[in-house]
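Here's the structure we're looking at; comments come further down.
Read the figures in this text as sums done on the coordinates, not as results from a lab. Source: prediction; values computed, not measured. Virtual Cβ from ideal backbone geometry, glycine too; neighbours counted across all protein chains shown.
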Amino acid sequence: MDKEFKLASQLLTLLDTEQRWFTLAEIEKNLGLSDKTIRKMVEEINKQLPSTMTIEVSRGKGIFLQRDGRSRTVSEVISSMFRETIFYRLMNLLFTNVGRFSVEELAGAMFMSTSSLKKLIVQLNNNDLKPYKLRITYSTPMVKGDELNIRYFYWKLYGDAYEFTGWPFTKINFDFINQLITNIENEKKIVYFINSKRRLSFLVAIVLERVTKGKSVKITEGGYPWEKGAFHLPVKALAKVLEESFSIELLKSEIYFMQSLFSLSQYHYYEGSEMTPMKEVELHKDKEEYQMGNRLLTLLAKVYPNIDVKERFTLEIYEFFDKLLIDNAIPEWMTISKSNLTTYVQKECQQIYQEVQTCMQKWHTAYPSVLYNDFHLTKLTLLVRSSLRYKSKKAFLVIGEEFSIRHYIANLIKKEIGDQLIINTSIMKGLTDEMVQQHHIDFVISNFPVALKTVPVVIISTIPSKRDLDNIRKELLL
């Protein structure tokens, strides 16, 4: 992918995280660029930004992203910039003109020399396409590889390029495809998340484009009970409409392919659908994910006694395993599925991530043939993290600093932990077990050693670190 675009998107994303001036030193550290390169890049980016958005550079202050909070988002701008990259334009041409261009004709369509195009193809084959196990051929440039990987790659490409607005498929009517998906929503009494529904529209269009060009996927029928799946009949009905409208034949594998992504996409039952979490749980009984989910729930309960195991959490665990089984039925999904939150979760929820990983390792001994990866651990960590029930407790804060700093730290901890924690910062004549019990203190937070026997003591840095905050949260779980 274009190096300039990658750096520009990274810079815009960084500047959009906070409404403040970023020093050049901060930018250099995050992007690994020199002062001169950053200034030059800002000049080029400003030429592509809408009138309501600009990057200001000031000597002594640094760089500031000025934008109207009611105008286009930075993500929209990045999508628009992505559509202008050489990478996107080339891959789009190869998708819409399969086998129609010689390398010379393609170079002309890209306004490049043949030698430059060949160098670009080598670069893409060695980098951007490698994770998808794809490559571009040379004499008659085409994208080669497993058909599932090709479709997944283009699904992501068009999803990134037209994340919010626009429609890249000139021969296929968006409203028609969107209505077919709405029909499934109405039948199942569900609502797909807005971005999920949009991406499903892209999926159906990609299937149509590839099938009309004679390309088909291969999915093993016995890998998952497809015909018992919740979306099998609705997707089969959608496929029939497509066959009649476009004079094509959609084999079982094509239906399974679409069914997998209709199942994996995010949705919920809308209000008034008469579907309760308890009824949803019933839908999973007598299915493989039911036993799998119950085993993990038992393991999680031992680690997190206060986890909320009501119907909603239980249901999400069953759905997690249903989707995991679909991923296992299509091995290509396992090799390319990843989450942009994995790095964040591994860092910010390190303890829970590791504990969940240990639970899944124990779970795996009962189901050794079912594979999972960091993508699945990330989803499971967030699910567990959001379902932990903290007890309301009272803590006494002991900080060997002046009054203002003590209150600053108390507010900082409260902001990070929430209303479950009441912090006492009053001055006591002596921190003894008797005094702690008299004030009904559940535990003590201190930045120096405290000799107490009746309540736990959490030792923190003068300014609490993320690990310190996690240790405080842990006390609320006990």
- Longest principal axis of the chain (C-alpha) makes with the long axis of helix 311-329 (C-alpha) an angle, in degrees to the nearest 10, of 40
- Item | Total charge dipole magnitude, the chain, about the Cα centre, Cβ charges on Lys, Arg, Asp, Glu only, Debye to nearest 20 | 700
- Going by a ≥ b ≥ c, the root eigenvalues of the Cα gyration tensor, does the chain fall in the rounded group (a/c under 1.5), the prolate group (a/b larger than b/c) or the oblate group? oblate
- Task: Please sort by residue number the trypsin sites (Lys or Arg not before Pro) in the range 228-287 whose DSSP state is loop and whose Cβ has at most 15 other Cβ atoms within 10 Å.
- Result: LYS285
- Treat every Asp and Glu Cβ in the range 358-478 as -1 and every Lys and Arg Cβ as +1, leave all other atoms uncharged, and give the resulting dipole magnitude about the Cα centre to the nearest 20 debye. 360
- Note on the structure: Computed over the chain: longest principal axis from alpha-carbon atoms vs helix 403-417 long axis, angle to nearest 10 degrees, is 40
- Longest segment of the chain with no GluC sites (Glu not before Pro) in a DSSP loop having at most 14 other Cβ atoms within 10 Å? 85-248
- Message: I need the P(r) histogram for the range 174-269: all alpha carbon pairs, bin width 10 Å from 0 out to the longest distance, whole percents.
- Response: 15, 54, 29, 2
- Message: If you fit an axis through the alpha-carbon atoms of helix 374-387 and take the longest principal axis of the Cα set of the chain, what angle between them do you get, 0 to 90°, nearest 10?
- Response: 40
- DSSP loop (so not H, G, I, E, B), at most 12 other Cβ within 10 Å: list which trypsin sites (Lys or Arg not before Pro) in the range 76-177 pass both filters. LYS171
- Query: For the chain, with the dipole built from +1 on Lys and Arg beta-carbon atoms and -1 on Asp and Glu ones, taken about the Cα centre, which of GLN266, HIS284, PHE87 lies farthest toward the positive end?
  - Reply: PHE87
- Within the range 218-312, report the chymotrypsin sites (Phe, Trp or Tyr not before Pro) that DSSP leaves as loop and that have at most 15 other Cβ atoms within 10 Å. TYR270
- Note on the structure: Row for the range 62-217, column shape: gyration tensor on C-alpha, a ≥ b ≥ c, rounded if a/c < 1.5 i.e. under 1.5, prolate if a/b over b/c, else oblate; value oblate
- Within the range 174-318: Cβ-based charge dipole about Cα centre, in debye rounded to nearest 20 (Lys, Arg +1; Asp, Glu -1): 380
- Query: Roughly how many Å is it from the Cα centre of the range 116-177 to that of the range 408-426, as a whole number?
  - Reply: 50
- Message: So if the hydrodynamic radius of the range 283-387 is defined as the Kirkwood radius over C-alpha pairs, what does Stokes-Einstein give as its diffusion coefficient at 4 °C and 1.567 mPa s, in µm² per second?
- Response: 93
- Task: Quick one: pull the percentage of alpha-carbon pairs in the range 83-145 with a separation above 19 Å.
- Result: 19
